[in-house]
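Everything below concerns the one structure shown next.
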């Protein structure tokens with residue numbers, strides 16, 4: 001019997017001042033088992049040794065570094081928007097997103113592809129194991145049952161766990177390219193991608209098994225969102241009105257204009273009541289549902 005070829009995966013890596021962790025991440029990507037990996041990198045004007053590391057690793061490997069940006073992107077979201085729109089994926093069967101500072105388990109991509117095939121889902125994400133330099137570790141569990149409108153309110157986990165079949169990725173690329181100016185002004189690429197897939201009636205699989213170690217450090221743009229400081233930032237995000245604005249902006253971009261959007265726009269007494277009663281449709285975890293219900297009562301009506 002002829003041996004079947006390994007699935008091909010194009011990994012899109014966004015870097016910025018990444019030299020402290022980059023080589024370990026690159027090694028874990030090229031160590032992936034039972035898949036054939038190629039890598040496309042977009043560097044956001046790094047001032048450290050990142051460009052030199054990328055140049056060294058690109059020699060003799062299936063790895064391409066996109067030309068330097070004219071101006072800094074300023075955040076990971078814009079860097080990933082550039083990758084999704086511009087990266088050549090050639091004939092890859094799957095596309096995966098990658099941060100610059102994590103460590104992938106060797107079966108991360110193979111397991112993602114198996115889950116996508118078995119479930120027929122259009123997108124994949126997974127739980128992760130967050131780890132700190134002092135030895136602490138914590139499971140970041142996002143694998144609760146999905147809700148009707150949870151895609152309008154949060155991501156299904158870190159974008160660095162995302163894997164998409166190439167046909168879904170190419171549809172996403174065309175959609176983003178057609179409205180690139182507006183999507184650049186959003187802030188969270190993983191949330192946007194998840195909302196795009198779900199709003200089109202496609203399914204998404206959230207894997208309970210962690211596929212990577214999710215490094216936590218002082219320069220994380222978002223990070224694991226654990227502890228009192230993270231909780232206080234989330235409350236400030238909602239109380240300031242920024243969360244409401246982001247949900248409404250996201251809904252507009254993906255074309256959702258239902259009762260949720262109307263209630264959030266008006267935010268009168270009856271609207272708040274409806275949002276609180278239906279909060280179980282907005283978040284997957286019961287703790288997040290309770291927190292969001294309380295925040296709906298405090299959310300400012302201004303936009």
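Is at least one residue of the range 134-144 closer than 21 Å to residue 7 by Cβ and either within 17 Å of the chain's Cα centre (by Cα) or part of a loop (DSSP other than H, G, I, E, B) (or both)? No. Within the range 174-201, the set of residues being modelled with pLDDT under 95, in a loop (DSSP other than H, G, I, E, B) and surrounded by 13 or more Cβ atoms within 10 Å (Cβ to Cβ) comprises 186, 187, 188. Pairing residues of the range 249-274 that are outside the structural domain of residue 176 (by TED's automatic domain parsing) with residues that are at pLDDT 95 or above and not in a helix (DSSP H, G or I), at Cβ distances under 7 Å and at least 6 apart in sequence or on separate chains, gives 260/149.
Please work out if residue 69 is surrounded by 14 or more Cβ atoms within 10 Å (Cβ to Cβ), at pLDDT below 90 and in the same structural domain as residue 155 (by TED's automatic domain parsing). Taking the combined requirement at face value, the residue satisfies it. Being farther than 30 Å from residue 22 by Cα and modelled with pLDDT of 90 or more is true of residue 288. Is it true that some residue in the range 111-128 is over 19 Å from the mean Cα position of the chain (by Cα) and closer than 30 Å to residue 182 by Cα? Looking for residues that are over 19 Å from the mean Cα position of the chain (by Cα) and closer than 30 Å to residue 182 by Cα, one finds none in the range 111-128, hence no.
Do you know which residues across the range 36-63 are closer than 17 Å to residue 88 by Cβ and surrounded by fewer than 16 Cβ atoms within 10 Å (Cβ to Cβ)?
Listed by number, the residues that qualify are 36, 58, 61, 62.
For the range 254-278, a tally of residues being exposed (fewer than 13 other Cβ atoms within 10 Å of the Cβ) and under 30 Å from residue 173 (Cα atoms) returns 5. Residues in the range 279-290 that are surrounded by fewer than 19 Cβ atoms within 10 Å (Cβ to Cβ) and touching a residue at least 40 places away in the same chain (Cβ under 8 Å): 280, 281, 285, 288.
Only one of the listed residues (156, 165, 210) is under 27 Å from residue 18 (Cβ atoms), at pLDDT 95 or above and touching a helix residue (DSSP H, G or I) at 6+ places or on another chain (Cβ under 7 Å). That residue is 156. Filtering the range 283-299 for residues that are over 25 Å from the mean Cα position of the chain (by Cα), within 17 Å of residue 243 (Cα to Cα) and not in a helix (DSSP H, G or I) leaves a non-empty set. Scanning the range 223-243 for residues that are modelled with pLDDT of 75 or more and in contact with a helix residue (DSSP H, G or I) (Cβ under 6 Å, 6 or more places away or on another chain) yields a single hit, 243. When 126, 133 are screened for being surrounded by 18 or more Cβ atoms within 10 Å (Cβ to Cβ) and farther than 24 Å from residue 256 by Cα, only 126 passes. Of the set (1) surrounded by fewer than 20 Cβ atoms within 10 Å (Cβ to Cβ); (2) assigned to a helix (DSSP H, G or I), all apply to residue 88 but (2). When each of 20, 49 is tested for being modelled with pLDDT under 95 and at negative phi, the lone residue that passes is 20.
The set of residues in the range 253-273 that are in contact with a helix residue (DSSP H, G or I) (Cβ under 8 Å, 6 or more places away or on another chain) and within 21 Å of residue 199 (Cα to Cα) comprises 253, 254, 255, 256, 257, 259, 260, 261, 262, 263, 264, 265.
The values are calculated or read from the model by the stated rules, or taken from the named source; none is laboratory data. Owing to the predicted nature of the structure, the values given are computational and were not obtained by experimental measurement. Cβ atoms come from the backbone with ideal geometry, glycine included; neighbour counts cover every protein chain shown.
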